[in-house]
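Asker: So that we are looking at the same thing, I have put the structure below in structure tokens.
The values are calculated or read from the model by the stated rules, or taken from the named source; none is laboratory data. As the structure is a computational prediction, the values presented were derived from the model and not from experiment. Positions of Cβ are backbone-derived with ideal geometry, glycine not excepted, and every protein chain shown enters the neighbour counts.
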């Protein structure tokens, strides 16, 4: 498999550091507000990457963080803590806010069929690991302390800027004036490892004891401490949005490699923004939609997932309602097509001619080539539709489609028939047996029982079809 690596600025052949498993760390949410569909694009792309690795036969050890403290309104140590801001807005405690929005986030993942990480970890559960890492950095001479905070001295790390490709002196020149919060901070690019409960943070709700006084961790130290605890000092893949490249991920590299002397991450994978009306969809701009907003308009979260499959992860995607409705209609047609392909009496594969068997293998090979070439999912979707329109027999189309859906994650094998309750299926099978025996009285009774539960049964030349009854219409 080949992936674009932000660190090398090229598409590289992916190989694991160790035979197994692939170690994968994905930046999780800061849980102070609703997860919106811009976030969903990032987590769906994470899921597509993970599914591709699984498709190749790799075992994946996947860790995702929940940031519930320390992330300020500016990534560069300026502003207030986002959790405190969210608590003030909601009139709740920071702990209540964190739990509410964590639950909302997890429900969003479930709705879009994102496979959960093996480990979902909260920053507030790992304060001691962060303090231990800060202590290592202090012993190695990479930190300094002011009245307000403990800082990482970027001037002492020669590799600072290698991810963004920007030299330290250029980053210093380009630093905004609004990041100079602490007058005793040496360099504008230096970042806080630990904020003390003084000055602007003297009333900070979330705080812990430390060798530097009561306080709370900086955002960047959290990811390094947690990822290295569970995945080791060198990680195979670390993902995030492109906005994390110049500050958050640059800082992660500096503190991690300064502490261990080893490469922190081998492959950095970054996703482009979801736009709305040409602007980045974000909480700060209040220009976002949630999955609930889409569902109110009749758009299935999996239709949104289908929409995202059509744009490569390294390209911006401009969200419009027209594109969302089009994706919903296409997803509906795809599910309907699958239902038409299904033979209720046969689960066996058809006998394929050598020519059609070769065509089937060609589609499979082209699909694999697309996803293994830096996750070219738009190409893979096009190959799927080409296969569905081919003259391959329907049962074999379905087999291959469901194989493709191991990557797509659209739940294509789940049709309305699959959702029929077990007790209804039992009644339907008993009715079918009664019909075969010519016992039409029992057959009619069983039909009435099925109808009474809100389902319809349709007799076919061979077998039957069950579907949910349409709701009655009332007239005044």
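Asker: Being touching a strand residue (DSSP E or B) at 6+ places or on another chain (Cβ under 7 Å) and crowded, with 16+ Cβ neighbours inside 10 Å is the filter here, so list the residues in segment 373-407 that pass it. First the steps, then the outcome.
Answerer: Of all residues in segment 373-407, those touching a strand residue (DSSP E or B) at 6+ places or on another chain (Cβ under 7 Å) come to 373-374.
Result: 374, single match.
Asker: Among (1) out of contact with any helix residue (DSSP H, G or I) (no Cβ under 9 Å at 6 or more places or on another chain); (2) buried (at least 22 other Cβ atoms within 10 Å of the Cβ); (3) closer than 19 Å to residue 243 by Cβ, which single condition is residue 41 missing?
Answerer: Of (1) out of contact with any helix residue (DSSP H, G or I) (no Cβ under 9 Å at 6 or more places or on another chain); (2) buried (at least 22 other Cβ atoms within 10 Å of the Cβ); (3) closer than 19 Å to residue 243 by Cβ, only one is false for residue 41: (1).
Asker: Ok, one more. Here's a check for you: in segment 448-462, which residue that is touching a strand residue (DSSP E or B) at 6+ places or on another chain (Cβ under 6 Å) and either over 11 Å from residue 431 (Cβ atoms) or assigned to a helix (DSSP H, G or I) (or both) is modelled with the highest pLDDT?
Answerer: Step by step, filter segment 448-462, then rank; the result is 450.
Asker: Against the conditions (1) in a helix (DSSP H, G or I); (2) at pLDDT 95 or above; (3) surrounded by fewer than 22 Cβ atoms within 10 Å (Cβ to Cβ), where does residue 85 fall short? Just the number, please.
Answerer: With (1) in a helix (DSSP H, G or I); (2) at pLDDT 95 or above; (3) surrounded by fewer than 22 Cβ atoms within 10 Å (Cβ to Cβ) applied to residue 85, the lone miss is (2).
Asker: Can we say residue 258 is over 21 Å from the mean Cα position of the chain (by Cα), more than 17 Å from residue 27 (Cα to Cα) and buried (at least 20 other Cβ atoms within 10 Å of the Cβ)? Don't jump to the end; show me each part of the working.
Answerer: On the way: over 21 Å from the mean Cα position of the chain (by Cα): yes; more than 17 Å from residue 27 (Cα to Cα): yes; buried (at least 20 other Cβ atoms within 10 Å of the Cβ): yes.
Considered against the rule, which asks whether it is over 21 Å from the mean Cα position of the chain (by Cα), more than 17 Å from residue 27 (Cα to Cα) and buried (at least 20 other Cβ atoms within 10 Å of the Cβ), residue 258 comes out as yes.
Asker: Take residues that are at pLDDT below 95 and tell me which of the helices (runs of 4 or more DSSP H) falling wholly in segment 208-319 contain 2 or more. Give the steps one after another, and end with the answer.
Answerer: Values: elements: 219-231, 250-260, 291-296, 301-309.
Correct list: 291-296.
Asker: Quick check on this structure: which one of 402, 367 is in contact with a helix residue (DSSP H, G or I) (Cβ under 7 Å, 6 or more places away or on another chain) and closer than 24 Å to residue 333 by Cα?
Answerer: After applying the criteria, what remains is 367.
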